[in-house]
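Undergrad: One structure, as structure tokens, below. Some questions next.
The values are calculated or read from the model by the stated rules, or taken from the named source; none is laboratory data. Everything numeric here is computed off the predicted structure, so don't read it as measured data. When we count neighbours, we look across all protein chains shown, and the Cβ atoms used for this are built from the backbone with ideal geometry, even at glycine. In case anyone asks, the SASA skips ligands and DNA or RNA and just uses the protein heavy atoms, side chains included. Shrake-Rupley method; radii C 1.70, N 1.55, O 1.52, S 1.80 Å.
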Amino acid sequence: MAQKYVNNIPGPTTFNPNNPNPMQPHTPVTQPNPSQPATTPKRITGQTKGTLENIKELGTPAVPEVKSNIHCVTIVGQIEGHIMLPSQNKTTKYEHIIPQLVGIEQAEDIEGVLLILNTVGGDVEAGLAIAEVIATMTKPTVSLVLGGGHSIGVPIAVSSNYSFIAPTASMTIHPIRLNGLVIGVPQTYDYLDKMQDRVIRFVTEHSKISEQKFRDLMFKTGELARDIGTVVIGKDAVEYGLIDEVGGIGKALAKLKQMIEERKTTKGVPLQ
């Protein structure tokens, strides 16, 4: 048979309509044989789905998922308000926390809220907004201060129905401060006084500390190196009446479960 070379590739010159590329030889399509069973791909056993992601993000191969009637809300880092903080800052955004609290209040399967705080403070209005939402919830709430609950974290810590603080945790009480450009007029200082009164009023209404004692701690000199105020640690916060009890996660959960059972017996009467 005569052969013809096309692009140095030998092949037949006859045209095949089933071959879309005449430059390449036609490869017949094998039809499946119904008499032969279809072979399933071999399953490769190994790590479960998401394991590598968990190790990368959380440092653990598996995260326990527990269905519970208690929802945990964490207030960590710096409380971010109307101004976005730099990306390297660990922040708690109030526009994330407030809708979460509203959803918890409406969720029928959630019967209690555990608040865990380790915050340096932050935006005053954002912190007060979070504290007001927590204080007005009808479901039992328990807060636990771990590490620190400083500055505007103090009103959030006392906004729950019952509060705990770890023995090594601390809380810094100091006057309200402004950063950035400030207009040096008497109205600026009047505004600061009014905002400070809001914080003092909220803390004294939701804890056992008196207003005079809280002001004394706030304006105490010689306690902080570069500022005025007071740092209270663990049992000192309880002795001042700021926090209800010294304890950890075990005591906090036990107290919350007790409050949930008491609420059931009172048929949903809001806790005071």
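Undergrad: Just need a number here: residues in the range 174-198 that are touching a residue at least 12 places away in the same chain (Cβ under 8 Å), farther than 13 Å from PHE219 by Cα and either open to solvent by 100 Å² or more (accessible area, probe 1.4 Å) or part of a helix (DSSP H, G or I) (or both).
TA: 3
Undergrad: Which residues, counting only those in the range 153-168, are touching a helix residue (DSSP H, G or I) at 6+ places or on another chain (Cβ under 8 Å) and open to solvent by less than 10 Å² (accessible area, probe 1.4 Å)?
TA: Step one: filter the range 153-168 for residues touching a helix residue (DSSP H, G or I) at 6+ places or on another chain (Cβ under 8 Å), giving 153-156, 158-165, 167.
Correct list: GLY153, VAL154, PRO155, ILE156, VAL158, SER159, SER163, PHE164, ILE165.
Undergrad: Identify the single condition in (1) modelled with pLDDT of 95 or more; (2) part of a loop (DSSP other than H, G, I, E, B) that SER151 does not satisfy, given that it satisfies every other one.
TA: Result: SER151 passes all but (1).
Undergrad: When you scan the range 127-137, do you find a residue that is open to solvent by less than 70 Å² (accessible area, probe 1.4 Å), modelled with pLDDT of 95 or more and assigned to a loop (DSSP other than H, G, I, E, B), even just one?
TA: Yes, the range 127-137 has at least one match.
Undergrad: Of all residues being open to solvent by 10 Å² or more (accessible area, probe 1.4 Å) and among the small types (Gly, Ala, Ser) in the range 95-126, which is farthest from ALA254 (Cα to Cα)? Just the residue, please.
TA: Checking each candidate, the answer is GLY122.
Undergrad: Does LEU192 satisfy the condition of being out of contact with any helix residue (DSSP H, G or I) (no Cβ under 6 Å at 6 or more places or on another chain), closer than 30 Å to VAL73 by Cα and modelled with pLDDT of 95 or more? Walk me through how you get there before you give the answer.
TA: Numbers: out of contact with any helix residue (DSSP H, G or I) (no Cβ under 6 Å at 6 or more places or on another chain): yes; closer than 30 Å to VAL73 by Cα: yes; modelled with pLDDT of 95 or more: no.
No; evaluated as a whole, the condition is false for this residue.
Undergrad: Among the residues of the range 211-231, how many are in a loop (DSSP other than H, G, I, E, B), touching a helix residue (DSSP H, G or I) at 6+ places or on another chain (Cβ under 7 Å) and on the phi < 0 side of the Ramachandran plot? Before the answer, list the steps.
TA: Restricting attention to the range 211-231, the residues satisfying the condition of being in a loop (DSSP other than H, G, I, E, B) are 219-229.
Filter once more, so that each one left must be touching a helix residue (DSSP H, G or I) at 6+ places or on another chain (Cβ under 7 Å): 229.
In the following step, the residues that additionally are on the phi < 0 side of the Ramachandran plot were identified as none.
Going through the range 211-231 one residue at a time, the tally reaches 0.
Undergrad: With respect to the numbered conditions (1) at pLDDT below 95; (2) part of a helix (DSSP H, G or I); (3) surrounded by 15 or more Cβ atoms within 10 Å (Cβ to Cβ); (4) not hydrophobic (A, V, I, L, M, F, W, C), which one is the sole condition not fulfilled by LYS257?
TA: Failed condition: (1).
Undergrad: Among the residues of the range 84-126, write down those that are farther than 18 Å from GLY153 by Cβ and either in contact with a strand residue (DSSP E or B) (Cβ under 8 Å, 6 or more places away or on another chain) or outside any helix (DSSP H, G or I) (or both).
TA: Matches in the range 84-126: MET84, PRO86, SER87, GLN88, ILE104, ALA107, GLU108, ASP109, ILE110, GLU111, GLY112.
Undergrad: Give the range 206-240 a look and list any residue that's open to solvent by less than 30 Å² (accessible area, probe 1.4 Å), of a type outside the set (S, T, N, Q) and touching an Asp or Glu at 6+ places or on another chain (Cβ under 7 Å), or say none. Talk me through it step by step, then tell me what you get.
TA: Step one: list which residues in the range 206-240 are open to solvent by less than 30 Å² (accessible area, probe 1.4 Å), which gives 207, 209, 214, 217-218, 229-230, 232, 234, 237.
Now narrow it down to the ones that are of a type outside the set (S, T, N, Q): 209, 214, 217-218, 229, 232, 234, 237.
Selection gives GLY229 alone.
Undergrad: Looking at SER207, is it at pLDDT 95 or above and assigned to a loop (DSSP other than H, G, I, E, B)? Break it down stepwise before answering.
TA: Details: at pLDDT 95 or above: yes; assigned to a loop (DSSP other than H, G, I, E, B): yes.
Answer is yes for this residue.
Undergrad: Moving to a separate point now. May I ask you to say which residue of ILE200, ILE209 is in contact with a Gly (Cβ under 6 Å, 6 or more places away or on another chain) and closer than 20 Å to GLU132 by Cα?
TA: Numbers: ILE200 fails: in contact with a Gly (Cβ under 6 Å, 6 or more places away or on another chain).
Answer to the selection: ILE209.
Undergrad: Follow-up question, since we're still on this one. So ILE104 clears everything in (1) within 22 Å of LEU256 (Cβ to Cβ); (2) β-branched (Val, Ile, Thr); (3) touching a helix residue (DSSP H, G or I) at 6+ places or on another chain (Cβ under 8 Å) except one condition, right? Which one?
TA: In the conditions (1) within 22 Å of LEU256 (Cβ to Cβ); (2) β-branched (Val, Ile, Thr); (3) touching a helix residue (DSSP H, G or I) at 6+ places or on another chain (Cβ under 8 Å), ILE104 misses (3) alone.
Undergrad: Under 9 Å between Cβ atoms, which residue pairs at least 6 apart in sequence (or on different chains) link something in the range 108-134 that is more than 17 Å from LEU146 (Cβ to Cβ) with a partner that is open to solvent by less than 30 Å² (accessible area, probe 1.4 Å) and of a type in the set (Lys, Arg)?
TA: Cβ pairs passing all conditions: ILE110/LYS139; GLU111/LYS139; GLY112/LYS139.
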